[in-house]
Amino acid sequence: RDGPLRRPFHRPGAMRQVVRRYALAGLREDTPWVRDFLPCFSLPGHITQMAQHAFTELLNNAIEHSGGSSVTVSMRQTPLQLQLLVSDNGRGIFDAIGQTYQNSDPDLAMLELTKGKLSTRPDGHNGRGLFFTARLADIIDLHANAQAFQQRDWQREQWHRTRPACQQGSAVYVAFNLDTQRRLDEVLRRYSLDGQSYGFDRTVVPLQLATSPQVALASRAQAQRVALRLQKFRRVELDFDGLAEVGHGFADELLRVFQHAHPEVDLVPVNMSPRVAAMVAAALDA
């Protein structure tokens, strides 16, 4: 409400929300964005670009990969954030990955998702959508198959388990701070080898997802699972954040054996504790 008391006028406020449900059959991901959502929001230009990217990529994932019949999309603008939730009634992303890659462990499926270039339809998709959406957002939650993982901007590249809130299908929640300085073009370029082009040459592997408080990273088999598909990249940062130590077999298999088989891949260990650094140095010197 604005204007004089006797002749007030009204205009849309800072709080806005649109919720729509769509049948997946025949749905095109750009149509809901242009027709139902974009006209209802007032956003800075760079936020609009990132929101469109996330919206269309997440909706396309539901259309192409979920195997479900319907999807619900909710987008809300607050004075501080733009929040987007895309949820479908399909088979769930972790089951989909498990069926495609013979991987029944949700943690390892999540590890593969964090690497990027993972798709349940590799003939038609290159596995960039969810990877780059996660790096655009300030918060992303992924719920599926009674599992849930979250990443926050101050924990960039680190995923943590959270409380699942999805009984069927997949639900992805992303939030963008309206004052963020992040830009779509900058994020798309960040994972090229030179930081200037749009090639997807570099990735980060959060090794904490490959273990648990009861299971240390000690075996060659664990290293082989971590190394799966790393030859698709030219530079791989192995993030040891949160790991106090690793076993010799794991370090040797990943940093010497894999490196010898794939000398074109630059493996870069980061965030190492003193004991991890000593074991890595021993593997590299072998």
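The values are calculated or read from the model by the stated rules, or taken from the named source; none is laboratory data. Nothing here was measured: the structure is a model prediction, and the numbers come from that model. As a convention, Cβ positions derive from the backbone with ideal geometry for all residues, glycine included, and neighbour counts pool all protein chains shown. Areas reflect the complete protein model, heavy atoms only, side chains present, ligands, DNA and RNA absent. Shrake-Rupley method; radii C 1.70, N 1.55, O 1.52, S 1.80 Å.
Key figures
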read-out: Area accessible to solvent at Leu284, 1.4 Å probe radius, in Å²; value: 100 Å²
read-out: Note, ³J(HN,Hα) from phi for the range 246-261, Karplus 6.51, -1.76, 1.60, rounded to Hz, x at Gly and Pro; value: 9, x, 5, x, 4, 5, 5, 5, 7, 9, 10, 5, 4, 5, 5, 6
read-out: Whether the range 75-209 is rounded, prolate or oblate, judged on the alpha carbon gyration tensor where a/c under 1.5 counts as rounded; value: oblate
read-out: Residues of the range 17-122: accessible area per residue with a 1.4 Å probe, Å²; value: 44 Å²
read-out: Rounded percent of accessible protein surface that carbon and sulfur make up, the chain, 1.4 Å probe; value: 50 percent
read-out: For the chain, built as a Gaussian network whose Cα springs stay under 10 Å, the top-fluctuating residue of Met50, Met15, Met272; value: Met15
read-out: Net lengthening on full extension, Arg163/Leu5 (0.36 nm per residue, minus Cα-Cα); value: 52.0 nm
read-out: Inter-label distance for Arg152 and Ala14, nm, one decimal - labels placed 7 Å from Cα along Cα-to-Cβ; value: 2.1 nm
read-out: Global geometry of the range 162-286, whether rounded, prolate or oblate, following the gyration tensor of its Cα atoms and the 1.5 cut on a/c; value: oblate
read-out: Label-point gap, in nm, between Val187 and Arg28 - each point 7 angstrom along Cα→Cβ; value: 2.5 nm
read-out: Antiparallel DSSP beta bridges within the chain, as percent of all bridges there, nearest 5; value: 80 percent
read-out: Label-point separation, Ser197 to Ala216 (7 Å along Cα→Cβ), nm; value: 4.2 nm
read-out: Three-way shape label, the range 223-286, alpha-carbon gyration tensor, a/c 1.5; value: prolate
read-out: Distant-in-sequence amide H partners of Thr162 (H built 1.01 Å from N, under 5 Å); value: Ala148, Phe149, Gln150
read-out: With DNA, RNA and ligands ignored, accessible area of Tyr101 (1.4 Å probe; Å², nearest 10); value: 80 Å²
read-out: Hull-based mean projected area of the chain, where the convex hull spans the alpha carbons, in square nanometres; value: 17.7 nm²
read-out: Over the range 68-131, relative contact order from alpha-carbon pairs under 8 Å, at least 6 apart, %; value: 21 percent
read-out: Val265-Glu64 FRET efficiency (beta carbon distance; Förster radius 35 Å; 0.05 resolution); value: 0.75
read-out: Value of relative contact order over the chain, rounded to a whole percent, pairs C-alpha under 8 Å and six or more apart; value: 13 percent
read-out: Accessible area (Å², per residue) of the range 171-286, counting only protein heavy atoms and a probe of 1.4 Å; value: 48 Å²
read-out: About the Cα centre, charge dipole magnitude for the chain (Lys/Arg +1, Asp/Glu -1 at Cβ), debye; value: 1100 debye
read-out: Solvent exposure, largest accessible area first (probe 1.4 Å, DNA, RNA and ligands not counted), of Lys117, Lys232; value: Lys232, Lys117
